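The values are calculated or read from the model by the stated rules, or taken from the named source; none is laboratory data. Just so you know, these numbers come straight off a predicted model, no measurement behind them. Quick reminder, even Gly has a Cβ in these numbers, built from the backbone with ideal geometry, and neighbours come from all protein chains shown. Please note that ligands, DNA and RNA were not included when accessible areas were found on the heavy atoms of the full protein model with its side chains. Shrake-Rupley method; radii C 1.70, N 1.55, O 1.52, S 1.80 Å.
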Amino acid sequence: MNIFRLTGDLSHLLAIIILLLKIWKTRSCSGISGKSQILFAVVYTSRYLDLFTNFVSVYNSVMKVVFIGTSFATVYLIYVKFKATYDRNHDTFRIEFLLAPVALLSLVLNHEFAFLEILWTFSIYLESVAILPQLFLVSKTGEAETITSHYLFALGSYRALYLLNWVYRYYFDNFFDLIAVVAGVVQTVLYCDFFYLYITRVIKGRSLKLPA
């Protein structure tokens, strides 16, 4: 554990809290991609199947339970509780075009050809692109609510902080995981354009509108 991983985890947790509060307080999931949330639920489930077989720490176990539980809670709110507000017309990204290549890649490029290891690798690859349906939805609608923008910024910050965590671990722990680092770079790059718009518009009090 180091400051970058801790703040990354807190940023990730903040993003989830923002999203759940947004949906619950407004009684609406408008502007939220249900498909991205399904992918995140798949990510956390496949990554944390070792919850009952690999104990690291109480903190680690609690965070695993939180991420799995909140991901399925979000999917429930979108597709069951507030399904009438779900924007199906704009949330049209074909997630099978992400799942199939990621599954194949995890079978080919992994640290060890073992069931849990392949699932972990699959989750790392999938997480790097899971936000694409959400960004695609924002692009199609042309703008994002301020609260949704805060959610995306916190989520992107989590990934960027984890890159700093990998740098820290390389220099101080002599540890380097190429799969996690490359996937983290890809995920952070996907947020770059959004980061720029967020900094130049949202924090100045203007709504986030994407160029056509």
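Going by the structure shown, is Leu107 more than 30 Å from Arg88 (Cα to Cα), in a helix (DSSP H, G or I), open to solvent by 10 Å² or more (accessible area, probe 1.4 Å) and not β-branched (Val, Ile, Thr)?
In short, yes.
Say whether the condition of being farther than 13 Å from Ala73 by Cα and surrounded by fewer than 13 Cβ atoms within 10 Å (Cβ to Cβ) is met by at least one residue in segment 30-46.
Checked segment 30-46: no residue is farther than 13 Å from Ala73 by Cα and surrounded by fewer than 13 Cβ atoms within 10 Å (Cβ to Cβ).
What number of residues within segment 54-107 are of a type in the set (Phe, Trp, Tyr) and more than 27 Å from Leu21 (Cβ to Cβ)?
Count: 2.
Which residue pairs have Cβ atoms closer than 7 Å, lie 6 or more positions apart in sequence or on different chains, and pair a first residue in segment 30-47 that is farther than 17 Å from Ala15 by Cα with a second residue that is open to solvent by less than 10 Å² (accessible area, probe 1.4 Å) and small (Gly, Ala, Ser)?
Short answer, once both residue conditions are applied: Ser46/Ser123; Arg47/Ser123.
Consider Tyr151 carefully, then state whether it is buried (at least 21 other Cβ atoms within 10 Å of the Cβ), closer than 20 Å to Val185 by Cα and touching a residue at least 60 places away in the same chain (Cβ under 8 Å).
Yes.
Considering only segment 110-145, how many residues are under 15 Å from the mean Cα position of the chain (by Cα) and not in a helix (DSSP H, G or I)?
Residues in segment 110-145 being under 15 Å from the mean Cα position of the chain (by Cα) and not in a helix (DSSP H, G or I): 2 in total.
Enumerate the pairs (first residue in segment 76-104 and among the β-branched types (Val, Ile, Thr); second residue anywhere and in a loop (DSSP other than H, G, I, E, B) and surrounded by 14 or more Cβ atoms within 10 Å (Cβ to Cβ)) with beta-carbon separation below 6 Å, excluding pairs fewer than 6 apart on the same chain, so at least 6 apart or on different chains.
Filtered contacts from segment 76-104: Ile78/Cys29; Ile78/Tyr86; Thr85/Ser28; Thr85/Cys29; Thr85/Ser30.
In the set Asp87, Asp91, which member is in a loop (DSSP other than H, G, I, E, B) and open to solvent by less than 30 Å² (accessible area, probe 1.4 Å)?
Of the residues listed, the single one that is in a loop (DSSP other than H, G, I, E, B) and open to solvent by less than 30 Å² (accessible area, probe 1.4 Å) is Asp91.
Of these, Ala100, Ala130, Ala160, which one is open to solvent by 30 Å² or more (accessible area, probe 1.4 Å), of a type in the set (Gly, Ala, Ser) and under 26 Å from Leu10 (Cβ atoms)?
Criteria check complete, one pass: Ala160.
Just the residues that are in a helix (DSSP H, G or I), loosely packed, with under 15 Cβ neighbours inside 10 Å and not β-branched (Val, Ile, Thr), please, taken from segment 1-29.
Leu6, Leu10, Leu21, Trp24, Lys25
Exactly one of (1) surrounded by fewer than 15 Cβ atoms within 10 Å (Cβ to Cβ); (2) under 16 Å from the mean Cα position of the chain (by Cα); (3) over 23 Å from Asn110 (Cα atoms) is unmet by Val182. Its number?
Failing condition for Val182: (3).
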